[in-house]
Every structure is written in C-alpha cells, then in structure tokens.
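What follows is a single structure, written as structure tokens, with notes after it.
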Amino acid sequence: MSPARVATVLVAAWAAAFWLSEGLLQAVADLSLVASAVLLLRGATLPPEARLPVRSALALAGWQALSPLVARALGAPGLPSAALWLHCLDTAALSAAAFLGAQVVRWAWPGALFFAGGVLSFALSAVQHLVRWSVPVPPFLRVPVDRVHETFGGEDRYAAGGFFFHRLRLAHASIAALGPAAGAMFWPLDRRRRWVGGLLALACVACIVLSYARAALLTAGLLLLLAALRTARGWARWAALSAILVAVAAALASPGWRVRLGEAGENFFGGERALARHAGWDLVHQHPWLGVGFGNYQQAALARQSVTGITEQLSHDAHLIPLTVWAETGVVGLGLYLALHLSLALSLLRRSRDGHWMAAGALISWGGFQILGMAHFLPFHPSVALAFAFVWGVGLVHPAVSAYSGMTRRVFENDLAAQPSAAR
C-alpha cells in the first residue's frame, strides 16, 4: 500500500474516532505514530513551518517519558502506572497527525467522517438529554453510562455525553472541533463548505449546551465571537452571532444551567479549583526544577494531603495546565511546553495569514485549549488530548487555501495550481 493511501486511511480513521471512543482514538493514534516513524525512516519530510512545532512536541514527549525515572533516581517513592506513563504518547501524537497529513491525502473521506461524527454526536446527545439512557452498552467499550444520568438544578433533563457517554469528553472534543468548523464557515471561497462548517459549528455548540459544560460554553462563545468579528462578512457573521445568542438563551432558560452558571464564580475563585491550584503550587514549591515526575502528580499530591487539605477527587491535577505541567515535569517540562505552544501558535498564524483556512481553524482550537486549560487539565482525558493533537497536526500541513484578510485571489489561484489534485 502506498504511503498516500496509508495516510488517507489513518487520517480518516482518526477523524471518525475523534467522536466515537477514547480507546479507539488511542489505538488509531498509536498506529499513526508507528506509521509516521516508518514514513520518516523512508525519507518523508514536513513543510518548513511545521517542523519546529513537531520537534517541540517530540522533545516534550521525550522528557515526559524520562522524567519519572529522573524523579525516582532523586528519591520519588515510585513510578507511575503504565497507563499514566504512556500518556506521553498523546503529546507525540501531534507529530503523527502532521506527518500523515503532509502526505498526498485525499481529504474528502476524513472531512466527511469528521462532519458526520459531529452531527451524529449531537443527535445521540439530544436523546441522552431528553431520556434517561437505559440501553446496555457492551462491556468491552468501557464507557461510564452513569455519567449520562447526571442532572442539575433538579430538572428532569440529563447531561449528555455523546458516543463517549461522558459529558466533559464530549464538550472538550467539541471545542477542538469548533476551530475547523469555524475555519470552514468563515474562510473558504465556496458556499457549500461554508454551510458544512456552519452546521458543524452549530452541532458543536449544541453538544456543549446539552452537556452542561459551563467553561466549554464560555469558551465556545468567545471563540465564535472573536472569529466572527475578525473575519466574517454578511450572513456568516450574523449566523455566528445568532448561534451564540441562541446557545446563551437556551442555557439561561434551563434551571440546570442557571444553577451551573451561578456556581461558576465561586467554584473557580474559592471552591474546588482554588483548592486544586493551591495543592499544585505546593508541589511546585517542593519540586520546582525537575518536578515530581510525569504521571506522579496524584501520589505526590496525596502525600501532602495533611498540609494542603486536597481531596482524592481533586488530587489528579491542578485544574490548570501549565501549573500541572510544572509540578510534574519541572522547569524543564514547563519550558518545553511553552516552546511547543508558542511555536505552534506562530506557525498556525503564519499559515492562516497565507490563506490556509484549516490552519486558521486550528489556531481557533489552540485558543480554546488555552482558555479551557485555565479551569481543566485537558490532557487528563486522552481522547481530548488526541482530539486537539489531530486538529493542530492537520492544521500545520493541510494544503487548502481560501480568501483571507489582505490576500488576493490571484495568490490563492497560484497556490491551488501548485497543489496535487489529490491533496485538495
């Protein structure tokens, strides 16, 4: 099988698994890492603007894999479980998505599966929201069905979780998908792609509303508002703004959402998240340079429970991504993390200014990751980490171009003429 066909199959599988199952998503990402390593050995290359983010991701993943051994040598009580340790592969997955996407991929199938997955997730979420789920799920899928039985504010409606059967995994994946959806809605030349992007963006926002994920709803509103004001013209801008208003109105009309929003400020500034951040800073003060070791956060936090008062439920992370990274992997890991995200943002911004609409969408998702990361440690769920890695990796290499601020149509026509027809 040719490299282009392998890349197309794996990218399409990743696009489908994006909405379906955490285990399936991990399996596809691991296969993609193996395939990208083979491609690299066979001489595959990346576009110049993608190389620094990919190298930064691999460097961070390497340090994450090594840091538990360093911490153990310096006196840490033990090593993390294999499941936690292997989360370093989630960091490296960005490089796999970029290497595969840089091949001559036929993008029609991945795009269709990605769109269908988002729409079907919304349809399933609507059912989960309106009816208490009672259909047995095969045990091998290992999905927590009880998570779609949650209610808020005493109303007879349930927090939806899509195919993940987990409301936060669904909501955070929707934020990752909202970037490409907004990119397709606001940037491309053809009207059909604009409509597809608009429908997917609407499905993403609806999934977030049905999941009662307040930080995700705030993030989605900010991202759509900024994207609409920055780039949209005519109906696209008004459609985006209308979608935001409808989502907010739907949220405020629901007793459950009123309860969720009413508790948001207290939870962030003085409740559970404040306690989690306090415990994270305590670990940073104890181990500022090399950290407690990747995957060792919980056991290190519980060892200081008598000092910080952290609970077992909140001991998994600091509910703030940079702080958790610093506590686990020290200044070295924090520096690599910042280098990755700075290089990624600059590369995506540069490509978006050159008219690449998928890069613009990936940049929107990057912004969503930063906003959500102030309240959630998103890599805690591998499905969420792999969702963002997929969007970012593809955004670094996707060849399609479209109208963008300051760019002339002649530039885009020349770029399209230079692209292989199979890659469009």
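What are the residues whose amide H is under 5 Å from the amide H of Val292, where those residues sit 5 or more places off or on another chain and H is modelled from the backbone?
It is Glu328, Thr329, Gly330, by chain and number.
What is the sum of charges around Leu60, taking Lys and Arg as +1, Asp and Glu as -1, for the other residues whose C-beta is under 14 Å from the C-beta of Leu60?
Neighbour charge sum, excluding Leu60 itself: -1.
Can you give the longest stretch of the chain with no exposed loop site, where a site means GluC sites (Glu not before Pro) in a DSSP loop (not H, G, I, E or B) with at most 15 other C-beta atoms within 10 Å?
On the way: sites that count: Glu150, Glu155, Glu312.
Longest run free of exposed loop sites: 156-311.
Per 0.36 nm of contour for each residue apart, how much would the distance between Ala116 and Asp354 grow if the chain were fully extended, relative to their Cα-Cα spacing? Don't skip to the answer; put the middle values down first.
Working: separation 238, 0.36 × 238 = 85.68 nm, distance 2.86 nm.
Once the chain is fully extended between Ala116 and Asp354, it gains 82.8 nm.
For segment 18-103, which trypsin sites (Lys or Arg not before Pro) are in a loop by DSSP, counting at most 13 other Cβ atoms within 10 Å?
Listed in order of number, the matching sites are Arg42.
Taking only the alpha carbons of segment 172-224, what extent do you get along each of the three principal axes, in Å, biggest first?
Principal-axis extents of the Cα atoms in segment 172-224, largest first: 34, 17, 14 Å.
To the nearest 20 debye, what charge dipole does the chain have about its Cα centre, counting +1 at the Cβ of each Lys and Arg and -1 at the Cβ of each Asp and Glu?
On the way: 31 positive and 19 negative charges, 257 e Å.
Value, rounded to 20: 1240 debye.
Express in nm, to one decimal, how much length is gained between Glu155 and Ser81 on full extension, taking 0.36 nm for each residue of separation and deducting their alpha carbon distance.
Stretched out fully, the Glu155 to Ser81 stretch lengthens by 22.7 nm.
With N denoting the number of residues in the chain, provide Rg(C-alpha) divided by 2.2 N^0.38 Å, to two decimal places.
On the way: Rg = 21.2 Å, N = 424, 2.2 N^0.38 = 21.9 Å.
Ratio of Rg to 2.2 N^0.38 Å for the chain: 0.97.
Run the accessible area of the chain with a 1.4 Å probe and give the carbon-and-sulfur part as a rounded percent.
So the carbon and sulfur contribution to the accessible surface is 66 percent.
Using mean Cβ contacts within 10 Å as the protection proxy, how do 165-171, 102-108, 142-148 order, highest first? Could you put the intermediate results ahead of the total?
Details: 165-171: 26.3, 102-108: 19.7, 142-148: 16.6.
Going from most to least packed, we get 165-171, 102-108, 142-148.
Could you do me a favour and compute the accessible area per residue for the chain, 1.4 Å probe, result in Å²?
Numbers: 18400 Å² over 424 residues.
Accessible area per residue: 43 Å².
Mean 1/r over all different Cα pairs, inverted: what Kirkwood radius does segment 311-403 give, in Å?
14.1
Cut-off 11 Å, label point 7 angstrom out along Cα-to-Cβ of Ala126: give me the residues of segment 176-206 whose amide nitrogen falls inside.
It comes to 203, nothing else.
Can you tell me how segment 234-391 classifies by the Cα gyration tensor, rounded, prolate or oblate, using a/c under 1.5 as the rounded cut?
Taking the square roots of the gyration eigenvalues as a ≥ b ≥ c, segment 234-391 is oblate.
Calculate I(q)/I(0) for segment 114-229 by the Debye formula, one identical point scatterer on each C-alpha and no solvent, and give its log10 at q = 0.19 Å⁻¹ to two decimals.
-0.92
In deg cm²/dmol, rounded to 500, what helix-only [θ] at 222 nm does the chain give when every DSSP H run of at least 4 residues adds -39500 (n - 2.57) and the total is split over its residues?
That calculation yields -23500 deg cm²/dmol at 222 nm.
Stretched out fully, how many nm does the piece from Leu252 to Val104 gain, at 0.36 nm a residue minus the Cα gap?
48.6 nm
Mind giving me the FRET efficiency for Arg192 and Leu225? R0 is 25 Å, r the Cβ-Cβ distance, nearest 0.05 is fine.
Here the calculated transfer efficiency is 0.50.
What shape does segment 1-145 have by the C-alpha gyration tensor, where a ≥ b ≥ c are the square roots of the eigenvalues, rounded means a/c under 1.5, and otherwise prolate means a/b greater than b/c and oblate the rest?
oblate
Could you point to the residue in Leu94, Gln298, Ser347 farthest towards the positive end of the chain's charge dipole, with +1 and -1 charges on the Cβ of Lys/Arg and Asp/Glu respectively?
Ser347
Could you list which residues have their amide H under 5 Å from that of His166, counting only those 5 or more apart in sequence or on another chain, with H placed in the peptide plane?
Here Gly161 satisfy the definition.
Where in the chain are the DSSP H helices whose C-alpha atoms run 24 Å or more along the long axis and whose mean Kyte hydropathy is at least 1.0?
Span-like helices in the chain: 22-41, 108-130, 191-211, 214-231, 235-253.
Report the net charge of residues surrounding Ala17, where surrounding means a beta-carbon distance below 14 angstrom and charges are Lys +1, Arg +1, Asp -1, Glu -1.
-2
Kindly rank 203-211, 117-125, 78-86 from highest to lowest mean number of other beta carbons found within 10 Å of each residue.
So the order, starting with the most tightly packed, is 203-211, 117-125, 78-86.
The values are calculated or read from the model by the stated rules, or taken from the named source; none is laboratory data. None of the values given here were measured: they were computed from a predicted structure. Note that each Cβ is placed from the backbone with ideal geometry, even for glycine, and that neighbours are counted across all protein chains shown. Heads up: the accessible areas ignore ligands, DNA and RNA and are worked out on the full protein's heavy atoms, side chains in. Shrake-Rupley method; radii C 1.70, N 1.55, O 1.52, S 1.80 Å.
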